[in-house]
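J.: Can you keep this structure in mind? I'll have questions shortly.
The values are calculated or read from the model by the stated rules, or taken from the named source; none is laboratory data. Everything quoted here is computed from the prediction, not taken from an experiment. With ideal geometry, Cβ positions are generated from the backbone for all residues, glycine too; neighbour counts draw on all protein chains shown.
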Amino acid sequence: MRLGRGIRFIILTAFAVVFVVPIIWLILAPTKSDEALVTSGPFGFGSLHQVALAWQHLDAFSDHIYRAWIGNSLLYALGATAIVLVTAIPAGYGLALSSFPGRRLVLSLTLVVMIMPAAALVLPIFLELDALHLIGNALSVILPFAFFPFGVYLAYIYYATAIPAELLDAARIDGCDEWSTFRRIALPLAKPVVGLVFFFSFVADWNNFFLPYAVLGDSSQYPIQVGLSNLLSSTPSFNPAVGGGGQQVGIFRPELALATLLAVIPVAIVFLVSQRALVRGLVAGAVKN
Amino acid sequence: MSPVRAQATRTRSLRAARGLPFVLPYLPFLVVFGILPMIYALYLAFTTDTGDWAGLGNFTRTISDYRFLPAFEHILLYTGVWLGSLIVIVVGLALLLHGRANRVSATFRFLFYIPGALAGASAVLVWLFMLDPSVSPGSFLLHLLGSQLFVESIAPGKLPFVFAMIAFWTGAGGWIVVMYGALNTIPHELEEAARIDGAGPMTVALRLKLPLIRKWIAYMTILAFATGTQLFVEPQLVNQASLGLVPDTWSSNQLAYQMAFRYGDFNAAAAISVDLIAIGLIAAWLIVKRTGLFRTGD
């Protein structure tokens, strides 16, 4: 099947082009002026000076609000993920290696909520937060984000399959109490799964749109994803009808592309750092199930 | 009971009591942001705004809303297109990658995975650029499809396909990695045996590998269906980019949002959410039944 190999390679390459070309375009777009984006070739490089110019416009928009959006996103995603790590890893450990009353119930409820589409719960969560007078507070985003059943499930699977109970028993016989058994033995052994939970939780929080969109009223509190939509609606990039608004705020296509690109960087960093563990982890998960 | 067994039972029950404190910090989150909202959504869907029992009133009221049927038609068409392309292309690419030299396949997997870093609003913005014939690197394709202007690219008839494309672009890479991992669990001897029996690569792929990863395909289909029906950010941004040309009640989730926040009608919004959950559960049940996802021993 020599011929088959060639066709295989062509198909794979064609799809790789579809996956990668928009990213290359996005990286190059801020190097050009709005006019050059239309007139020059899509993959031409403009100049770094243009990037600086686009950043000036973007940063000037609404009194440095772009920086506030990135800061908010970092606060929400890192704050929530910190709580997720502190609650989900021990919970997975407890669920996997003991059989307290109600364990099955907690496990099945976790699974049910995991399958439940998150967006369907946003409206009732809004009403709950309203009753607690938390609407418009940073906690109204961080606390719901801090509930991450998928993380509990990952930690549970990991402890149930990868850590032998005998190992922990041995530690106890050597005089460790429950807490130090967890801290000295179980936690260090769980490094790969801590990495996975961190990655999935951070990315899910960073990219979430619906919940912050519903619970935050003031645009200075928006995370970057909601901020991007705010930016989109104040430029004439896709609709000349906004016209004058765009002239005043100086946000055109290069600025919008730069805003999008910068919004992806934190996820890209986390992604590149954990890429190896991630791919291996997904494969390991596939094997275990 | 032998002394050894008795001791084992004792350590187990000791261990049992020891596990609970580790789970305790997680429980308030599970209750407050998982279980209560679910119960609350059900309660709202079956009561009136004064808390009286409404029966199916909220459901019939929302179904007869003129925006209800179009919104559900949109998301079902979108979900259908997305699921179809996801299943055919993801499984196809994973099969093509499997059996290639490891280095080559790892490179392709990484390239396919990259757009996964963009999701939500960022991915939509990228594709708004891609769909704008004046700046898109694929403008010749857009012209071929009959779009000279941006508004023509996001014409209502094309939107389900546009959103399916965006979802595929960000989500397919992750699933290709999962499917590839699943393919790697197939014992090598099995493939070898088939080949000795004279099966070509095509036959091995379709007759041997495909049935063996059936459960993973079912798992992907269930999860993708559930997220597919929840479409919100994509049409919301297109609504803003098109200055209202695309309605802000294009998807059923948007309709629920408008019911709640524009009209303050949380009961109607909850009824639509319950509709969506019911559709998701029915679809999941059908897929599980048809594919034997939870059947053990095969």
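J.: Inspect all residues belonging to segment A:86-93 and state whether any of them is among the aromatic types (Phe, Trp, Tyr), within 14 Å of chain B (Cβ to nearest Cβ), over 26 Å from A:LEU232 (Cα atoms) and not in a helix (DSSP H, G or I).
T.: Applying the first criterion (among the aromatic types (Phe, Trp, Tyr)) to segment A:86-93 yields A:93.
Add one more test, that the residue is within 14 Å of chain B (Cβ to nearest Cβ), and what stays is A:93.
Adding the requirement that they be over 26 Å from A:LEU232 (Cα atoms) leaves A:93.
Now restrict to residues that are not in a helix (DSSP H, G or I): none.
The answer is no, given that none of the residues of segment A:86-93 is among the aromatic types (Phe, Trp, Tyr), within 14 Å of chain B (Cβ to nearest Cβ), over 26 Å from A:LEU232 (Cα atoms) and not in a helix (DSSP H, G or I).
J.: Where in segment A:127-218 are the helices (runs of 4 or more DSSP H), entirely inside, with at least 3 residues that are in contact (Cβ under 8 Å) with a residue 40 or more places away in the chain, of a type in the set (Phe, Trp, Tyr) and assigned by TED's automatic domain parsing to the domain that holds A:SER108? Talk me through it step by step, then tell me what you get.
T.: Details: elements: A:139-145, A:149-162, A:165-173, A:178-181, A:191-207, A:210-215.
Of the helices (runs of 4 or more DSSP H) lying wholly inside segment A:127-218, those with at least 3 residues that are in contact (Cβ under 8 Å) with a residue 40 or more places away in the chain, of a type in the set (Phe, Trp, Tyr) and assigned by TED's automatic domain parsing to the domain that holds A:SER108 span A:149-162, A:191-207.
Residue-by-condition table, conditions (1) over 17 Å from B:LEU69 (Cα atoms); (2) modelled with pLDDT under 85:
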site	(1), (2)
B:ASP197	yes, no
B:PRO201	yes, yes
B:VAL233	yes, no
B:GLN236	yes, no
B:ARG262	yes, no
B:ALA269	no, no
B:SER273	no, no
B:LEU276	no, no
B:GLY292	yes, yes
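J.: Could you please let me know if B:GLN240 is touching a Ser or Thr at 6+ places or on another chain (Cβ under 6 Å), without any contact (Cβ under 8 Å) to a residue 24 or more places away in the chain and within 30 Å of B:VAL126 (Cβ to Cβ)?
T.: On the way: touching a Ser or Thr at 6+ places or on another chain (Cβ under 6 Å): yes; without any contact (Cβ under 8 Å) to a residue 24 or more places away in the chain: yes; within 30 Å of B:VAL126 (Cβ to Cβ): yes.
Criteria met by B:GLN240.
J.: Among all residue pairs at least 6 apart or on different chains, which show Cβ distances below 7 Å where the first residue, located in segment A:61-89, is over 25 Å from A:VAL152 (Cα atoms) and the second is assigned to a loop (DSSP other than H, G, I, E, B)?
T.: Between residues of segment A:61-89 that are over 25 Å from A:VAL152 (Cα atoms) and residues that are assigned to a loop (DSSP other than H, G, I, E, B), the close pairs are A:PHE61/A:ILE251; A:TRP69/A:TYR222; A:TRP69/A:PRO223; A:ASN72/A:TYR222; A:ASN72/A:PRO223.
J.: Is it the case that segment A:219-231 has a residue that's more than 9 Å from chain B (Cβ to nearest Cβ), under 14 Å from the mean Cα position of the chain (by Cα), at pLDDT 75 or above and closer than 21 Å to B:LEU231 by Cβ?
T.: Yes, segment A:219-231 contains a residue that is more than 9 Å from chain B (Cβ to nearest Cβ), under 14 Å from the mean Cα position of the chain (by Cα), at pLDDT 75 or above and closer than 21 Å to B:LEU231 by Cβ.
J.: Kindly provide the set of residues from segment B:56-84 that are of a type in the set (Val, Ile, Thr) and touching a residue at least 40 places away in the same chain (Cβ under 8 Å), ordered by number. Even if it seems obvious, please write down each step before you answer.
T.: To start, the set of residues in segment B:56-84 that are of a type in the set (Val, Ile, Thr) comprises B:60, B:62-63, B:75, B:79, B:81.
Hits for segment B:56-84 are B:THR62, B:ILE75, B:THR79, B:VAL81.
J.: Name the one entry in B:LEU145, B:LEU159, B:LEU149, B:LEU141 that is within 24 Å of the chain's Cα centre (by Cα) and either more than 10 Å from chain A (Cβ to nearest Cβ) or aromatic (Phe, Trp, Tyr) (or both). Quick ask: steps written out before the conclusion?
T.: Values: B:LEU145 fails: within 24 Å of the chain's Cα centre (by Cα); B:LEU149 fails: within 24 Å of the chain's Cα centre (by Cα); B:LEU141 fails: within 24 Å of the chain's Cα centre (by Cα).
Result of the check over B:LEU145, B:LEU159, B:LEU149, B:LEU141: B:LEU159.
J.: While we're here: Quick check on my filter: what residues within segment A:125-145 are touching a Pro at 6+ places or on another chain (Cβ under 6 Å) and facing chain B (nearest Cβ under 9 Å)?
T.: Here is the first cut: in segment A:125-145, the ones touching a Pro at 6+ places or on another chain (Cβ under 6 Å) are A:125, A:141.
Once the filter is applied, which keeps residues that are touching a Pro at 6+ places or on another chain (Cβ under 6 Å) and facing chain B (nearest Cβ under 9 Å), segment A:125-145 yields only A:ILE125.
J.: Within segment B:146-155, how many residues are over 16 Å from A:SER237 (Cα atoms) and surrounded by 14 or more Cβ atoms within 10 Å (Cβ to Cβ)?
T.: Counting residues in segment B:146-155 that are over 16 Å from A:SER237 (Cα atoms) and surrounded by 14 or more Cβ atoms within 10 Å (Cβ to Cβ) gives 2.
J.: Tell me the residue from B:ALA218, B:ALA270, B:ALA224, B:ALA193 that is aliphatic (A, V, I, L, M), more than 9 Å from chain A (Cβ to nearest Cβ) and farther than 30 Å from B:TRP127 by Cα, please. Step through it out loud before you land on a result.
T.: Numbers: B:ALA218 fails: farther than 30 Å from B:TRP127 by Cα; B:ALA270 fails: more than 9 Å from chain A (Cβ to nearest Cβ); B:ALA224 fails: farther than 30 Å from B:TRP127 by Cα.
None of the other options fit; the residue is B:ALA193.
J.: Do we have any residue at all in segment B:201-211 that's among the basic types (Lys, Arg) and either free of Cβ contacts under 8 Å to residues at least 60 places away in the same chain or closer than 20 Å to B:GLY80 by Cβ (or both)?
T.: Checked against the condition, which is being among the basic types (Lys, Arg) and either free of Cβ contacts under 8 Å to residues at least 60 places away in the same chain or closer than 20 Å to B:GLY80 by Cβ (or both), segment B:201-211 yields at least one hit.
Let's see how each residue does on (1) more than 19 Å from the chain's Cα centre (by Cα); (2) closer than 18 Å to B:LEU83 by Cα:
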site	(1), (2)
B:MET259	yes, no
B:GLY264	yes, no
B:ALA271	yes, no
B:ASP275	no, no
B:GLY280	no, yes
B:ILE287	no, yes
B:THR291	no, yes
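J.: Output the residue which, of all residues in segment A:94-124 that are within 24 Å of the chain's Cα centre (by Cα) and either at pLDDT 95 or above or under 12 Å from A:TYR156 (Cβ atoms) (or both), is farthest from the other protein chains (Cβ to nearest Cβ).
T.: A:LEU111
J.: Do we find that A:SER62 is in the same structural domain as A:ASN208 (by TED's automatic domain parsing) and out of contact with any strand residue (DSSP E or B) (no Cβ under 7 Å at 6 or more places or on another chain) in this structure? Please lay out each step first, then the result.
T.: On the way: in the same structural domain as A:ASN208 (by TED's automatic domain parsing): yes; out of contact with any strand residue (DSSP E or B) (no Cβ under 7 Å at 6 or more places or on another chain): yes.
When the stated conditions are applied, A:SER62 passes them.
J.: Tell me which of these B:SER122 doesn't satisfy, since it passes every other one: (1) without any contact (Cβ under 8 Å) to a residue 24 or more places away in the chain; (2) surrounded by 20 or more Cβ atoms within 10 Å (Cβ to Cβ); (3) over 25 Å from A:LEU262 (Cβ atoms).
T.: (3)
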